[in-house]
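Student: Have a look at this one.
Derivation of every value follows stated rules applied to the coordinates shown; laboratory data play no part. Owing to the predicted nature of the structure, the values given are computational and were not obtained by experimental measurement. Cβ sites come from the backbone with ideal geometry, for glycine too, and all protein chains shown count toward neighbours.
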Amino acid sequence: MRPSGRDLNQMREVTIETGILTHADGSCLICVGDTRVICSASLGERVPMFRRNTGLGWITCEYAMLPGSTHSRNRRERTVGHPSGRSQEIQRLVGRSLRSCVEFASMGERQIIIDCDVINADGSTRCAAVTGGWVALRIAMDRLMEGRKIASDPLVNQVAAVSCGAYAGQTLLDLDYAEDSEAETDANFVMNDDGNWIEVQCTAEGMPFTSARLTEFLSLAEFGITQLFALQRSAVGRLLPVA
């Protein structure tokens, strides 16, 4: 029995509300159970130095947790002058995940910054950031095309992410904090809508896991991410897959 009472393959309730920030080029609030993340996409006309004069665009990400998002106050990272190691890891994950679905030549030399701010954390914040980050990016790309700044759609795939884990000997989909904090194995999966894996993070917190357990994780993750794809499309007003 899961602490939440959910079935082993049952995700928490997921909602995605778009347009919550007035000035961002794309934004959403994604809620996965009690995990809530604001994701925004902001257009910049200048790319990093290594992209200049290449004709290619760039996607990057910044991730942070608000002080009141966790059980005890989370210190603002600006007070120490740099992101924590955890924040750097997650923002790199989100950036890699979203860059995997972009055809950069279609963007021209523009950069889009994805900001993911956790306002309430109850497990799997990085997965929510990837899933909501894609929605914000999708909206921003649509605005670029509507404004005739780009001629063709640079987004070639949908991307979403979900967590899995082993808890009390059982294989679970979408871990909340109570499960994640006691998990025997903790895993995060990023997949595109072609059914290809972008990133697999799987760590034994206790006993090492078997190949059979990893296969179970992959199956559960695909099941959950397919549901997230449908929610993403609904959020941005697309009834059919983007690809």
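Student: Pairs of Cα atoms under 8 Å, at least six residues apart: use those to get the relative contact order of region 138-243, whole percent.
Tutor: Reported as a whole number, the value is 27 percent.
Student: Let me check I have the definition right: for region 1-75, take the eigenvalues of the Cα gyration tensor, multiply each by 5, take square roots. What are those semi-axes in whole Å, largest first?
Tutor: In descending order, the three semi-axes are 34, 16, 14 Å.
Student: Pick out which of GLY44, GLY95, GLY85 has the largest mean-square fluctuation in a Gaussian network model of the chain, springs linking Cα atoms closer than 10 Å.
Tutor: Looking only at GLY44, GLY95, GLY85, the biggest GNM fluctuation is shown by GLY85.
Student: Of THR15, THR22, how do they rank once you tally other Cβ atoms within 10 Å and put the fewest first?
Tutor: Ordered from fewest to most neighbouring Cβ atoms within 10 Å, THR15, THR22 come out as THR22, THR15.
Student: Let me ask you something else. Quick one: give the max-minus-min coordinate of the C-alpha atoms of region 96-159 along each principal axis, largest first, in Å.
Tutor: 40, 20, 17
Student: Across the Cα atoms of the chain, what radius of gyration and what greatest pairwise Cα-Cα distance (Dmax) are found, in Å?
Tutor: Radius of gyration, then largest Cα-Cα span, for the chain: 17.8, 57 Å.
Student: Could you tell me the ratio Rg/Rh of region 111-220? Both radii from Cα atoms, Rh via Kirkwood.
Tutor: Ratio of gyration radius to Kirkwood radius for region 111-220: 1.08.
Student: Lys and Arg at +1, Asp and Glu at -1: add these up for the other residues within a Cβ distance under 12 Å of VAL14 and post the number.
Tutor: Local net charge: -2.
Student: Sorted by mean Cβ packing within 10 Å, highest first, what order do the peptides 225-236, 50-61 take?
Tutor: Ranked from most to least packed, the peptides come out as 225-236, 50-61.
Student: Just add up the charged neighbours of LEU93: K/R +1, D/E -1, any other residue whose Cβ is under 10 Å from the Cβ of LEU93.
Tutor: +1
Student: Right, here's the next one. Counting other C-beta atoms within 10 Å, which of ILE112, ILE198 has the fewest, and how do the rest follow?
Tutor: Neighbour counts put them in this order, fewest first: ILE198, ILE112.
Student: Take ARG148, ARG99 and order them by how many other Cβ atoms sit within 10 Å, fewest up front.
Tutor: ARG148, ARG99
Student: What does the charge count around GLN201 come to, taking other residues whose C-beta lies under 9 Å from its C-beta (Lys +1, Arg +1, Asp -1, Glu -1)?
Tutor: It works out to a net charge of -1.
Student: Once every DSSP H run of n ≥ 4 in the chain is given -39500 (n - 2.57) and the sum is divided by its residues, what mean residue ellipticity at 222 nm do you get, rounded to the nearest 500 deg cm²/dmol?
Tutor: -9000 deg cm²/dmol
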